[in-house]
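Comments concern the structure below.
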Amino acid sequence: QKPTLVDVKINIPGIHSTNYIIRNMLLHWPNLERIIVLQKDGEDLLLDRPTVAKIADSGGGLTRLRSMSLDSALPYQQVRALSLMTKNSPLEYLRLTLKPDSRILPLLHGCVQRWAPTLQHFILYLGRDGWATRPNLGAMIADLHHLKELDCDSRYQIPPESMGHLKNLTKIIYKVDTIEQLNGFTEALACTTDKFLPSLEDIEINAEIAD
């Protein structure tokens, strides 16, 4: 056990070595506050059921975790595992990539509602293929009143009207792939600058619109 360890960054190629270290890290370093895991494209973060159960049952999970950044695209079972391990975590920074699965967004929505009192930075990407429809995340951010940074993937929707309550948002990266998305967001900025995102200081719009 390393109760004094609070910050870890892992960048080791190879799925087996990476996951072995992660499992042992989560089991034996209970006071982690920040986790960064860098993995190659195509590698999965694998958390087996015994590991998840031990972490979830020991003191309520990772109760001090404030920042989590995972490069690997996560399937449903791994998001469920993270949900159990972070059920009492005061997360402030979250960066995830999700694999296509109709069950995964409702699960993450429940997690985000738990983290709403502390979450300030929300960066979410979706796998490029396999989504039957373009997911709408407007409801997911509805309770994030303390959010300061939002990074929006163009493969899901966060309609401008769903951002009206983000009074503390200072930075947004808004990616669009249709002219309708681009027009809707720029019109909201132009027409209601005093009410729409009133604390906004930094904005980046990335448009990838086919001809």
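The values are calculated or read from the model by the stated rules, or taken from the named source; none is laboratory data. Predicted, not measured: the structure shown is a model, and the values here were computed from it. Cβ atoms come from the backbone with ideal geometry, glycine included; neighbour counts cover every protein chain shown. Please note that ligands, DNA and RNA were not included when accessible areas were found on the heavy atoms of the full protein model with its side chains. Shrake-Rupley method; radii C 1.70, N 1.55, O 1.52, S 1.80 Å.
With a 1.4 Å probe and all protein chains left in place, how much of the accessible area of the stretch 70-211 comes from carbon and sulfur atoms, in whole percent?
Carbon with sulfur: 49 percent of the solvent-accessible area.
With r defined as the distance between the Cβ atoms of residue 149 and residue 177 and R0 fixed at 25 Å, what FRET efficiency is calculated, to the nearest 0.05?
0.75
Which net charge results when you count Lys and Arg as +1 and Asp and Glu as -1 among the other residues whose beta-carbon is under 10 Å from that of residue 69?
Net charge around residue 69: +2.
Treat each spin label as a single point 7 Å out from the Cα along the C-beta direction, and report the residue 201 to residue 77 distance in nm.
A separation of 4.4 nm, rounded to one decimal place.
Is the C-alpha gyration tensor of the stretch 67-110 telling us rounded, prolate or oblate? Criteria: a/c under 1.5 is rounded; beyond that, a/b larger than b/c is prolate, otherwise oblate.
Oblate is the answer for the stretch 67-110, as a/c is 1.5 or above yet b/c matches or exceeds a/b.
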